[in-house]
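What follows is one structure encoded as structure tokens, with my remarks underneath.
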Amino acid sequence: MKLKLFYFPIIMCLILLTTTDILHAQFKVNGTVTDSKSGEPLVGVSIVVKNTTIGVTTDTKGNYDITVPGSQATLTFSYVGYISKEFQVSTQTGTLNVQLKEDVLGLQEVVVTGLATSIKRQNAANSVATVSAKELGGTTVNETIDGALYGKISGAQISANSGAPGGGFTVKLRGVTTINGASQPLYVVDGVIVDNSSNSAGLNAVTAAAAGGSSSNQDNPTNRIADLNPEDIQSIDVLKGASAAAIYGARASNGVVIIKTKRGRIGAPKISFSQSIGFNSISKRLGVRQFTLETALANYAPPPGAGATPDEIAAYQARKSFVESLYNNAEQNGFINYENEMYGQKGLLSNSGLSVSWGTAKTQFFVSGLLKNEDGIIKHTGYEKQSLRANIDHQVSKSIHLSVTSNYIHSTSDRGLTNNDNTGVTFGVSLAATPNFVDLRPNQNGIYPDHPFNTANPLQTRDLMTNQETIDRFIASGKVDINLLQTNSHIVKVIAEGGVDNYTQQNKSVFPRRLQFERISAQPGTSIFNDVTNMNTNLRGVVLHTYNPPSGQFTLVSQAGLSINNADQNTIVSVANNLIGVQTNLDQSASINTQQNRTFQNDRGIFLQEEFNVKDTYILTAGVRGDKSSRNGNVDKFYFYPKASLAVNLSNMKFWNVKDINQFKLRIAFGQSGNFANFGAKYTTLGPSNIGGYGGILIGTTRGTEGIRPEQQTEIETGFDASFFDDRATLEFTLYQKRITDMLLNRELEPSTGYQFETFNGGEMTNRGIEVGLNLNPISSANFNWVSNINFWKNTSKVNKLPVPAFRAGGFGATLAIFQIEQGQSASQIVGIDPVVQGPDTTIVTRKLGDHEPDFQMSFYNTFNIFKNWEVSFIAQWKKGGDNINLSQLLFDLNGTTGDYDDTDFNTTELRAAVAGIQPGDVNGVKRTKLLGVSAAQYVQDASYFKLREVGVYYNLPRTTLNKWFGDNVSAIRLGVSGNNLITISPYQSYDPEVSNFGTQPVAGGVEVLPYPAQRKFFFNVKIDF
Amino acid sequence: MKSRIVSDLLQQKILLLFFITLVIVGFSACDILNLKDKVDPNGPSLQALSQNATKDEIANVATGIESGMRVDINLYMVDVGMIGREVYRFLASEPRFTGDLLGKENSVLDNNTFYITRPWRARYAVVRNTNILIESAQNSTELTDNEKNGAYGFAKTIQAYQLLLNLTLTYDNGIRTDVATDNLGPFVNRQTALGNIATLLDDGYSDLNNAGGAFAFPLSDGFAGFDTPATFKTFNRAIAARVAVYDAKYQDALTILNDSFIAPAGDLNTGVYSIFSTASGDQINPIYRNPDAQSGDSWVAHPSYITDLEAGDDRINKVFQRSQTATLDGLGGDYGFYVYKTQTDPYPLIRNEELILIRAESRIQTGDLPGAVSDLNIIRNAHNLPDYSGAQTESALIDEMLKQRRYSLFGEGHRWIDMRRYNRLNQLPIDRTGDNVWQQFPIPAPENA
């Protein structure tokens, strides 16, 4: 193998390095390590002789026994989640019992600094957000990992694309970082870069959503990070900008989310079983219009104008009596609230987890399983997931450590048919066309009546269609750590890790012949089959050298290595029409159309990094990464991404004598990262164009750019971290500026070239922001402990240079408001038509009407421990500002079915009202409809919110009770209730301010067209540790 | 303390230098970091085609040219058909057809709207494909010289035809004729463009004369009878004859016609067509629409087509009496457009009927009035009409020739162009007060001309 060949000379050389340290005398120290509050023994605490690599861990009873060289030394006791302690020991010490204090404010968290290194947060020069397992899943059950990060990361804008079961999120770290490139963070799980693509199901064949004002996909796909089981996660580090993410070079422009899964622990098998049962419901109902006979007739049978022909009058009479009969029927049999009918299901939620963790000093195992079954709030929708994980750590020999992770996931999600369409078939669009006086329910024979005012009966569509996504995914990684050399001052390690992420996604969508809209089509019955196979492989080798000079004045850590990433994806989507009978196989049809698309990416990187730490006072890091990729025009060219940072712990300096400030650190960091062009940007490819039975090829609309380069991001981040009052409070303050140059933009070409577009590098934009985090432990007593974590963050973006004319980046045109990229403006500005007075005239112009970016966001995370056994925690998030484009309301208005149609509280400016011809007596629905074509301002709505994201109340059964009931068999039982999104306060006039009709987008989030409504969830939880 | 750090560092630095050297040696010693520049797996790449195309790939490019000629021809037909007052394209969701194209009130032709940008680009896309064919044939090792000449002749002929269609749209605004590379030539005026197109056709003709007995690629059934170099060149000459009359070079036209497939006694429909099918990757005829379709999405014959038609003329078959009047935007018609009767009816590029009419026109213009009358009578008789009985004067015969062209070539994109050539746009009917008849389209905005 070539990798081995590459390392061989290095390894040989390093082995040959001689050392002259001679061991002298030695002595033994032993004792027990316990929790300072509960007095419980701590298992697996690491005890290391400082400035050496000599160390042991505590056993299952918290006992340790260490042999120390020399006659005196310093022992460091460290344990995940606890504050480390150091003790001077000597031959006189003998027994040393130690109590460790829980690190409630995360002072001792370790954050990533390099591909093979990390550092204590106290010494970090970057603001890296870390989310622990407890923060991630300690409060309630979350469906997906990205969903579990809500409100937990300052600097992040995390937004659900809809409430559909199975996920679908947009994550933006520190603002809009690209306009045409990939927009989502890089996810790295145990060293494996995992795929997070959104692969659409091909529903456009039925909805024709892309045929109208927008050619974008509106299939509401999930993004694949949803597959991971949140309960397997030990910790998540979020590198928000290039200054920290430069270690991932050319793929890191949108930030990096580094996920570590749980590992086995030394000790007897610890079995943990958790079961949550709950239900969900629509988080906000919009209400439906209560028609009177008069309004029903006005809406569905308007009288003909003056001069109508006899035919027209006859048609009107027929329509009128038809509506009257429908209405009379409803008066007798009851009006139907179709919002409740469609979105009223209280879905059952069940989540079962089993994990086993055990190990000897040499080998540790962690095995976990998950069974999840969640119904949606729409009948026949839901999400099921089964996940199995096995993580193994093994100390092969004194100097070789091996760890292996493996995870298999199977999931199915039924996501219904929501969002925009141009055929009137999605649930939302059909519902908007359904007044409360028609009866669409099936009769005793199960026959659904045709919808009198729409091409689809939404109840029939919901009950008879299928839109099921099935995932089979395998993620595995292996890592070998080899200690090549270990002396008192030198440690040389070689780390080799590799991994694979392989999945198959299949979307089966069936629209049987008997559906109303299929029956009337030319080719009734549609079956869509989408098959995506994805394969990512990673390989990384690092040589790590730690140098502790005998003087103990500093530590120098050097690392160098290379990384290899490959990704291949193959998508085949087939649409079969005119199905035979009730058959759904693709060949059981009269016509079939297949499309295949393959993409690949091959990346090769090299990196070199130095970390220089002078007694935890000055911490200087500098590094560079070189990346080349098959996505670049020149595949042989390395693009280099440097980084440098400095942290200065003033509080560690001699002059520092501020008593109440335990730590004060200034930090500054700089770094660069990149973002690749979309697949295909460099190719000029001819597409199929056949005639008369001969296969032909014709140029497409895109001209390849042979010299396409990655987007370049340069970030400077600075700030300070302080810790006050004996570590009872910490403050983190960060300012950053990201400058994105060489942006990937599309340019319209002269059509006489035969092409329409090409991608090119140009332009510049910036994001500037501020992040403040305050962690408090205001009350800490045996019976009451309160930890509070408050974050504030704000980002503003600006397009500084745009070498092309302003262009639209998502939406349905200026009449309905649309995102527009324009020089000198925010990258997320929304423009639309609006009347303005110009001199003597009033003209309708296109102007800025809003911005999707929030003014600021805040999050509040509080945990209370009461009387030892009670635990209450909640996370609340406040997003101030940030506009959405609400077109759901427009569609309800156009159909006359809006809940507030007949109210009169809608207000607009006098100018808009005058131009639109709004009369004083007009009701809301009429007012808003009149504004269509005059102004788009009514669609651009403030999507501020305050959400109670998560809340949980738990009771831990006292140990004495457990002993009495179960003896030694059960070590802990935890009971609780929890909820997600229980409270949402927002001025936004639709289901939920978090929404995206176009799915995960670089810019155009927040466009709403009748989505799957957001849900709130409520759980009962039991967790038993054996 | 400082000196201690420095000395420690120095010691470390030596080690580090050694270490880095090793890493660099390690990297260069193996090819683990090398990447292959792979091609797009989703389709043939331009680069590969232009450098070492196989004979099969060259055939694919040729077929793509033939297939690409059909893209957006419905928009071309809407443009010339509506401005020439031959048809109305009613589409309720697209008010610009009945607004901009008919010059309703203040409406004007926009330079960045799909009705000009799309058909314009589609034609240039085919032109690009013809240039790719020429380049790949030049660099191919699998073609004989004859086959190469055949490819050049085919490419140049089609290229000329496509350029001519765009020139008919922008007319006096001109077109680009030099677009062989990404470094585009300038816009040239109509006269120059017609000259360049004629030259291109002549070059193609001479290539075809040295192209042996067969092409290296198949042509569809639309070229049945014109699918060898010897027969295809009669199509080349037919287009050249059309270019000659557009350029008012009538004597040239008569000469050129001799080498075309003109057949006064033959079937008027003999010619070259774009064909359609429902097969995978193929197209259906985008101009076809049920002639009795709902008003909101229909193709309707201009009412004057029926009112101006002579009694007994069988060309009434090109329209269909609707069950209901189609109306939109203050316009209306009782007859559906029925030139293309199914979604797979072929669309003619040029037919024998047009060649006879070109000869009639050229004879009028060169003083051979009896010859012209005899040609016109071929057409009249073929459509169930008696011999021409009007005045045997040049101006009367021009009227008659234009009338026969109007009916014979109805729905094939000629009326507007013919009326414009004879400065008669002011004779086209105005349906609504305030409507305008446009002379030409503006150059599409993205051309940055």
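Values quoted throughout were computed directly from the atomic coordinates according to the rules given, and no laboratory measurement underlies them. Keep in mind it's a predicted model, so treat the numbers as computed, not measured. So basically every Cβ, Gly included, is an ideal-geometry build from the backbone, and we count neighbours across all protein chains shown.
Structural remarks
- On the basis of the beta-carbon distance and an R0 of 51 Å, A:ILE716 and A:ALA314 show a calculated FRET efficiency of 0.10.
- Cα-based helix-to-principal-axis angle, B:190-209 vs chain B, degrees rounded to 10: 80
- Each Cα pair under 8 Å and six or more residues apart adds its sequence gap; the mean of these over the residue count of chain B is a relative contact order of 19 percent.
- Spin-label pair B:GLN138-A:PHE335: with each label point 7 Å from Cα along the Cα-Cβ axis, the two points sit 7.5 nm from one another.
- The calculated 222 nm mean residue ellipticity attributable to helices in chain A amounts to -3000 deg cm²/dmol, summing -39500 (n - 2.57) over DSSP H runs of n ≥ 4 and dividing by all residues.
- For segment B:230-314, the fraction of C-alpha pairs farther apart than 23 angstrom is 56 percent.
- Cross-link partners of A:LYS379 among lysines, defined as those whose alpha carbon lies under 17 angstrom from its own and excluding same-chain residues fewer than eight positions apart: A:LYS346, A:LYS1017.
- Distance between the 7 Å Cα→Cβ label points at A:GLU706 and A:GLN523: 4.0 nm.
- Here the alpha carbons of segment A:243-303 define both size measures, Rg and Dmax, at 28.6, 82 Å.
- As a ratio to 2.2 N^0.38 Å, the alpha-carbon radius of gyration computed for segment A:932-1026 takes the value 1.77.
- Under 23 Å of direct C-alpha separation, and excluding same-chain neighbours fewer than eight residues apart, A:LYS659 reaches these lysines: A:LYS85, A:LYS101, A:LYS120, A:LYS615.
- Rg [Å, one decimal], Dmax [Å, integer] - segment A:233-278, C-alpha atoms: 16.8, 44
- Sum of -39500 (n - 2.57) over DSSP H runs of 4+, divided by residues of chain B (222 nm, nearest 500): -16000 deg cm²/dmol
- Annotation: average projected area of the protein assembly as shown is 62.5 square nanometres, based on the convex hull of Cα atoms across all directions.
- Among the listed pairs A:LYS172/A:LYS665; A:LYS134/A:LYS260; A:LYS240/A:LYS508; A:LYS927/A:LYS947, those whose Cα-Cα separation exceeds 25 Å are A:LYS172/A:LYS665; A:LYS240/A:LYS508; A:LYS927/A:LYS947.
- Of all aspartates and glutamates in the structure, the ones whose alpha carbon falls short of 14 Å from that of B:LYS233, not counting any fewer than 8 places away in one chain, are B:ASP202, B:ASP203, B:ASP207, B:ASP259.
- Rh (Kirkwood; distinct C-alpha pairs) - segment A:818-921, Å: 18.2
- Theoretical FRET efficiency, 1/(1+(r/R0)^6), r = Cβ-Cβ of A:ALA782 and A:ASN483, R0 56 Å, to 0.05: 0.85
- Helix B:229-246 vs. chain B, principal-axis angle (Cα, 0 to 90°, nearest 10): 70
- Here is the size of segment A:471-594 from its Cα atoms: Rg then Dmax, 27.6, 86 Å.
- Of the residues B:THR130, A:THR555, A:THR60, the one with the fewest other Cβ atoms within 10 Å heads the list, and the complete ranking is A:THR60, A:THR555, B:THR130.
- Likely footprinting exposure, A:LYS659, A:LYS798, fewest C-beta neighbours within 10 Å first: A:LYS659, A:LYS798
- Placing a label point 7 Å from the Cα of A:ALA25 along the Cα-to-Cβ line, the residues of segment A:67-95 whose backbone N sits under 19 Å from it are A:67-75, A:88-95.
- 0 to 90° range, to nearest 10: angle between helix B:352-365 axis and chain B longest Cα axis: 70
- Sequence of A:TRP793, B:TRP438, A:TRP870 once ranked by neighbouring C-beta atoms within 10 Å, starting from the fewest: A:TRP870, B:TRP438, A:TRP793
- If you take the Cα centroid of segment A:755-789 and the Cα centroid of segment B:387-445, the two points sit 69 Å apart.
- Between A:ALA972 and A:ARG959, the simple label model (points 7 Å from Cα in the Cβ direction) yields a spacing of 1.2 nm.
- Gain upon complete extension [A:GLN596, A:GLN583; 0.36 nm per residue less C-alpha separation]: 2.3 nm
- Under conditions of 37 °C and 0.692 mPa s, segment A:808-854 yields 294 µm² s⁻¹ as its translational diffusion coefficient, taking Rh as the Kirkwood radius over Cα pairs in the Stokes-Einstein equation.
- Calculated log₁₀ intensity ratio I(q)/I(0) where the Debye formula runs over C-alpha points of chain B, q = 0.11, 0.13 Å⁻¹: -0.89, -1.23
- Per-selection Kirkwood Rh - segment A:205-269 (Cα, Å, 1 d.p.): 15.8
- Volume per residue that the Cα convex hull of segment A:32-92 spans, once the total is divided by residue count, Å³: 88
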